[in-house]
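Asker: One structure follows; several queries about it will come next.
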Amino acid sequence: MLYTSTRDNSVALSSSEVVVKGISDDGGLFVPRSLPKLSLSDIEELSGLSYPEKAKRILSLFFTDFGTEELSACVDRAYKSGRFSDAEIAPLKELDENSFLIELFRGPTCAFKDMALQLLPQLLSAASGRAAQGRKIMILTATSGDTGKAALEGFRDVKGTEIAVFFPLNGVSPAQRLQMVTQEGSNVGVYAVRGNFDDAQAGVKRIFCDGSIKKKLLENNILLSSANSINWGRLAPQIVYYCSAYCELLRRKKLRIGEPMNVAVPTGNFGNILAAYYARELGIPIARLICASNSNNVLSDFINTGVYDKNRSFYTTLSPSMDILVSSNLERLLYSLSGCDDKLIREYMDSLSQKGRYELSPEIFERLGELFSAGFADDRQTLETVGRIYREKGCLIDTHTAVAVKVYDEYRKSTGDSRPVIIAATASPFKFADAVLSALDGGSASSGLDAISALSELTGLPVPEPLGGLYSKKPRFEELIDKKEMENCVFRQLSL
Ligand SMILES: *Cc1c(COP(=O)(O)O)cnc(C)c1O
């Protein structure tokens with residue numbers, strides 16, 4: 001199978017090449033030229049398999065230039081026993097008769113990004129033999145929180161790779177900082193940058209675009225790449241858990257084969273919900289995709305009006321991983337809904353970068369509305385939902401998951417559509433313990449480890465191991481740098 005670019009249909013690359021390159025030279029995103037299909041009997045067959053075995057079957061449809069043994073080894077390393085705190089990897093938890101949370105936070109950093117970032121480094125390491133002439137791959141990542149840690153955990157000690165993460169001094173929570181600066185591994189570097197996320201992000205972009213840096217690295221057999229969520233190697237592993245969830249509903253006899261489910265996803269960069277769309281394209285029966293935003297509701301406005309407009313206030317919310325105004329992965333959906341119209345996508349994206357907005361054609365808007373519903377929840381509604389779900393269902397959810405639960409409830413009330421739904425639970429409630437605790441007990445103002453312990457005491461739930469141990473770990477990376485020192489850090493880390 002070959003991949004092309006959303007901005008240039010003449011591009012044709014192998015899956016190894018797209019994983020190594022990350023983004024197309026024209027600025028577009030890589031997508032399969034045609035999507036594989038699963039028949040209903042394929043899906044029934046999948047139902048009998050373990051999560052890793054399902055992953056191997058599904059991913060082999062997309063990573064066609066990987067050997068079967070090779071891909072199988074990648075998947076086994078990513079989901080090996082002990083990496084995830086539940087043997088099912090992404091277990092389904094019943095909220096009520098027809099609503100199910102799919103817990104995507106059982107990995108080493110307690111957020112759903114582990115589902116893909118445990119696997120991407122393995123794919124990249126394997127692909128580099130074919131697509132990078134065996135060069136070492138240097139991953140550069142600017143992070144506002146969850147991605148940096150998940151990437152560090154995924155890439156630590158992976159053969160043929162090195163990773164440097166830059167986080168803004170004033171832009172990550174104390175727990176997120178601690179998670180990163182205590183990172184273990186022989187091929188990792190973590191740097192606090194004076195400034196905000198945009199400063200760190202701009203510094204990384206500058207390194208990527210600097211010809212002389214690229215040349216010096218190439219002379220030393222090193223290739224730059226990124227672990228950003230626009231990499232196809234991050235998106236494809238996310239398709240697996242939607243297929244797996246459908247199989248599990250079949251197994252529990254909530255659905256008969258062929259009957260569709262709904263899916264609701266707390267959304268930021270549009271990666272997670274796009275994976276559900278691709279699962280549907282693959283043949284998994286899905287009726288509606290319900291997109292949930294926080295107060296940064298650019299996506300829900302877009303789905304409801306057909307106008308994407310990022311000219312609006314930016315809010316810092318209690319669901320920070322969804323605080324985003326430009327959802328990069330949306331470009332892939334538009335490409336698909338437009339019937340692969342690369343020229344139209346270029347027009348939309350030009351308009352977005354010049355005017356900060358674009359408006360869908362009536363035909364594409366109609367197609368969007370046939371598949372997607374959308375809504376948003378503000379911080380007050382988010383906390384109210386965390387509290388209510390705990391009281392009524394005895395189930396503790398984090399602030400991101402609560403946004404999706406709330407938006408789904410509204411959807412169900414206004415449409416009467418009560419078919420079985422999978423709601424993506426994207427983080428452990430202990431990862432956002434301060435906010436979750438305040439939703440339960442109303443007033444307490446503890447933070448950090450105190451909030452984590454108090455939450456555990458109040459609910460009787462154990463603290464996830466990676467978070468509990470965090471506060472007794474010794475920081476390894478205490479360096480604070482200026483933006484202009486970033487490239488020197490990269491060279492030093494590579495001993496150049
Ligand atoms: C990244 C993240 C999201 C948003 O996912 P997208 O794929 O960017 O839409 C939601 N919740 C949590 C906890 C996250 O870390």
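The values are calculated or read from the model by the stated rules, or taken from the named source; none is laboratory data. Fair warning: this is a prediction, and the values are worked out from it, not measured in the lab. Don't worry about glycine lacking a Cβ; one is built from the backbone with ideal geometry, like all the others, and counts go over all protein chains shown. The area values use the complete protein model at the heavy-atom level, side chains included, leaving out ligands, DNA and RNA. Shrake-Rupley method; radii C 1.70, N 1.55, O 1.52, S 1.80 Å.
Asker: What does a probe at Glu88 reach in segment 264-292, counting residues whose amide N is under 18 Å from the point 7 Å along Cα→Cβ?
Answerer: Of the residues in segment 264-292, 264 have backbone N under 18 Å from the label point off Glu88.
Asker: Residues with beta-carbon under 13 Å from that of Glu479, excluding Glu479: net charge, scoring Lys, Arg +1 and Asp, Glu -1?
Answerer: Within the 13 Å Cβ shell, the charges total +1.
Asker: Do you know the relative contact order of segment 388-490, to the nearest whole percent, from alpha carbon pairs under 8 angstrom that are 6+ apart?
Answerer: Details: 71 pairs, mean separation 21.0, N = 103.
Here the relative contact order equals 20 percent.
Asker: Run the simple label-point estimate for Lys214 and Arg256 please: 7 Å along Cα→C-beta, distance reported in nm.
Answerer: Each label point is offset 7 Å from its Cα along the Cβ direction, giving 5.7 nm.
Asker: Rounded to the nearest percent, how much of the accessible area of segment 358-476 (1.4 Å probe, protein heavy atoms only) is carbon and sulfur?
Answerer: Solvent-exposed carbon and sulfur of segment 358-476 make up 49 percent of the total.
Asker: Let me ask you something else. Taking R0 as 41 Å, what FRET efficiency do you get between Glu45 and Gln493 from their Cβ-Cβ distance, rounded to the nearest 0.05?
Answerer: Step by step, r from the Cβ atoms, then E = 0.35.
Asker: What accessible surface, in Å², does a 1.4 Å probe find on Cys340, ignoring ligands, DNA and RNA and rounding to the nearest 10?
Answerer: Solvent-accessible area, nearest 10 Å²: 60 Å².
Asker: Follow-up question, since we're still on this one. What does the charge add up to near Leu29, with Lys and Arg as +1, Asp and Glu as -1, over the other residues with Cβ less than 9 Å from its Cβ?
Answerer: Working: positive: Arg7, Arg332; negative: Glu331.
Around Leu29, the charge tally is +1.
Asker: A further question follows. Give the aspartates and glutamates reachable from Lys393 as a straight Cα distance under 20 Å; neighbours fewer than 8 places away on the same chain don't count.
Answerer: Partners found: Glu94, Asp96, Glu97, Glu103, Glu384, Asp409, Glu410, Asp441, Glu457.
Asker: Another one. Of the options Val490, Leu458, Asn9, report the single residue whose Cα projects farthest towards the positive end of the charge dipole of the chain (beta-carbon charges: Lys, Arg +1; Asp, Glu -1).
Answerer: Comparing the listed Cα positions along the dipole, Val490 ranks first.
Asker: Counting only C-alpha contacts under 8 Å and six or more residues apart, can you give the relative contact order of the chain as a whole percent?
Answerer: Over the chain, the number comes to 18 percent.
Asker: Using a 1.4 Å probe on the protein heavy atoms only, what accessible surface does Phe372 show? Give it in Å² to the nearest 10.
Answerer: Per-residue accessible area (Phe372): approximately 10 Å².
Asker: Can you give me the Kirkwood hydrodynamic radius for segment 166-205, using every pair of distinct Cα atoms, in Å to one decimal?
Answerer: Numbers: mean 1/r = 0.0942 Å⁻¹.
Radius from the Kirkwood sum: 10.6 Å.
Asker: Could you state the accessible area per residue of the chain in Å², with a 1.4 Å probe and every protein chain left in place?
Answerer: On the way: 19440 Å² over 496 residues.
Ligands and nucleic acids excluded, the result is 39 Å² per residue.
Asker: So, one more: Based only on the alpha carbon positions, what is the Kirkwood hydrodynamic radius of segment 268-309, in angstrom?
Answerer: 11.3
Asker: Where the centre of each part is set by its Cα atoms, how far does segment 427-496 sit from segment 170-241, in angstrom?
Answerer: If you average the Cα positions of each part, the centres end up 19 Å apart.
Asker: Right, another one. Rounded to the nearest percent, how much of the accessible area of segment 119-268 (1.4 Å probe, protein heavy atoms only) is carbon and sulfur?
Answerer: 48
Asker: Please compute the Kirkwood hydrodynamic radius over the chain, one decimal place, Å, based on all pairs of different Cα atoms.
Answerer: On the way: mean 1/r = 0.0436 Å⁻¹.
Taking the inverse mean of 1/r over all distinct Cα pairs, the chain comes out at 23.0 Å.
Asker: Taking every Cα atom in segment 303-387, find the radius of gyration and the maximum pairwise distance Dmax, and write them in Å.
Answerer: Over segment 303-387's Cα set, Rg and Dmax evaluate to 14.9, 47 Å.
Asker: Cα convex hull of segment 379-431: how many Å³ per residue? Present the calculation step by step, with values, prior to reporting the outcome.
Answerer: On the way: hull volume 4.2 nm³, N = 53.
For segment 379-431, the hull spanned by Cα atoms encloses 79 Å³ per residue.
Asker: Ok, one more. Which three semi-axes in whole Å describe the equivalent ellipsoid of segment 353-453, each the square root of 5 times a Cα gyration tensor eigenvalue, listed largest first?
Answerer: Working: eigenvalues 208, 69, 23 Å².
So the equivalent ellipsoid measures 32, 19, 11 Å along its semi-axes.
Asker: Further question on the same structure: Restricting things to alpha carbons, tell me how big segment 104-174 is in terms of Rg and Dmax, in Å.
Answerer: 12.9, 40
Asker: With +1 on each Lys and Arg Cβ and -1 on each Asp and Glu Cβ, and nothing else charged, work out how big the dipole of the chain is about its Cα centre, in Debye to the nearest 20. Kindly include the intermediate steps, with their values, before the conclusion.
Answerer: Details: 57 positive and 61 negative charges, 144 e Å.
With Lys and Arg at +1 and Asp and Glu at -1, about 680 debye.
Asker: Rg/Rh for segment 400-496: what does it come to with C-alpha atoms and Rh from Kirkwood?
Answerer: 1.18
Asker: Remind me, what semi-axes does segment 116-242 give for its equivalent ellipsoid, largest first in whole Å, using sqrt of 5 times each Cα gyration tensor eigenvalue?
Answerer: They are 22, 19, 13 Å, listed from largest to smallest.
Asker: Another question, then. Just subtract the alpha-carbon distance of Leu458 and Ile481 from 0.36 nm times their residue separation and send over the number in nm, one decimal.
Answerer: Full-extension gain reported as 4.3 nm.
Asker: Okay, moving on. Could you work out [θ]222 nm for the chain from helices alone, using -39500 (n - 2.57) per DSSP H run of at least four and dividing by all its residues? Round to the nearest 500 deg cm²/dmol.
Answerer: -14000 deg cm²/dmol
Asker: Right, here's the next one. In debye to the nearest 20, how big a dipole does segment 44-97 give about its Cα centre with +1 on each Lys and Arg Cβ and -1 on each Asp and Glu Cβ?
Answerer: Working: 7 positive and 12 negative charges, 67 e Å.
I would put it at about 320 debye.
Asker: Also, I was wondering about something else. P(r) for segment 1-57, please, calculated from all Cα pair distances in 5 Å bins and given in %.
Answerer: Reading the bins upward from 0: 4, 18, 20, 15, 12, 14, 11, 5, 0.
Asker: Order Glu485, Glu153, most accessible first, counting only protein heavy atoms with a 1.4 angstrom probe.
Answerer: So, going from the largest accessible area down, we get Glu485, Glu153.
Asker: What number, in percent, do you get for the relative contact order of segment 116-208 if the mean sequence gap of Cα pairs under 8 Å and at least 6 apart is divided by its residue count?
Answerer: Value for segment 116-208: 30 percent.
Asker: Where does the charge balance sit around Leu40 when Lys and Arg score +1, Asp and Glu -1, over other residues with C-beta under 12 Å from its C-beta?
Answerer: -2
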